[in-house]
1. Exactly one condition in (1) in a helix (DSSP H, G or I); (2) within 28 Å of Lys121 (Cβ to Cβ) is not met by Asp10; state its number.
2. Report every pair of residues separated by at least 6 positions or lying on different chains whose Cβ atoms are under 8 Å apart, first residue within region 12-27 and touching a residue at least 40 places away in the same chain (Cβ under 8 Å) and surrounded by 16 or more Cβ atoms within 10 Å (Cβ to Cβ), second part of a loop (DSSP other than H, G, I, E, B) and not hydrophobic (A, V, I, L, M, F, W, C).
3. Could you give every pair whose Cβ atoms fall below 6 Å, whose first residue belongs to region 56-85 and is among the polar types (S, T, N, Q), and whose second residue is in a helix (DSSP H, G or I), counting only separations of at least 6 or pairs across chains?
4. Restricting to region 46-74, name every residue that is hydrophobic (A, V, I, L, M, F, W, C), more than 9 Å from the chain's Cα centre (by Cα), buried (at least 21 other Cβ atoms within 10 Å of the Cβ) and within 16 Å of Phe110 (Cβ to Cβ).
5. Test Leu81 against the stated conditions and say whether it is within 24 Å of Leu124 (Cβ to Cβ) and buried (at least 17 other Cβ atoms within 10 Å of the Cβ).
6. Provide a single number: the residues in region 97-127 that are part of a helix (DSSP H, G or I) and in contact (Cβ under 8 Å) with a residue 24 or more places away in the chain.
7. Report the residue count in region 28-45 for those that are among the hydroxyl-bearing types (Ser, Thr, Tyr) and farther than 20 Å from Thr105 by Cα.
8. Of Leu90, Leu39, which residue is of a type in the set (A, V, I, L, M, F, W, C) and within 17 Å of Pro145 (Cα to Cα)?
Amino acid sequence: MNIRKAHIRDIPAIQELINVYASQGLMLPRSLNSLCEGLRDFLVVEEAGKIVGVGALHILWTDLAEIRSLAIAPERVKNGLGLKIVRALLEEARQLGIEKVFTLTYQPGFFEKCGFHRVPKDALPQKAWKECFDCVKFPNCDEVPLLIELKDIQPNQTG
């Protein structure tokens, strides 16, 4: 198993993995265009040449980033891959000097196990909502916002 930065050749597999869950209403879909534009945000978990996990760290401001598009192959769920991806993304945020990381999710329990805590939507800066205008659920977002402050945890302490 290898966690690494995503490559262009990974985009079809990333999109397929995300859209498995998007088709079930468990996460938002990602277009080919958005994946190409945000490719540098993504980490993938590769196992025997197959992408079995994905997650992205999207920087919004000097002190704020978002974990998004976290998806694990259905046959690999409950094997700790999600936690490993979140840890890797938080470590990347720490190395970049980012102080806070948030997520908008339909799976708040998982992120709470990773050390995130729920926050009111209005606690996030307006910049966090800029992509929401293009979302099919705007303005009736039902995702749960969670936040973690990296100063409050030691490296690899999550989960």
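1. The single condition Asp10 does not satisfy is (2).
2. Within 8 Å, the pairs are Ile14/Arg30; Ile18/Pro29; Ile18/Arg30; Met27/Tyr106.
3. Close Cβ pairs satisfying both conditions: Ser69/Ile18.
4. Ile72
5. Spelling it out, it is not the case that Leu81 is within 24 Å of Leu124 (Cβ to Cβ) and buried (at least 17 other Cβ atoms within 10 Å of the Cβ).
6. 8
7. Number satisfying all stated conditions: 0.
8. Unique residue meeting the criteria: Leu90.
We did not get these values from a lab; they are worked out from the coordinates using the rules stated. Note that the structure is predicted; figures quoted are calculated from it, not measured. All Cβ positions, even for glycine, are placed from backbone atoms using ideal geometry, and neighbour counts span all protein chains on display.
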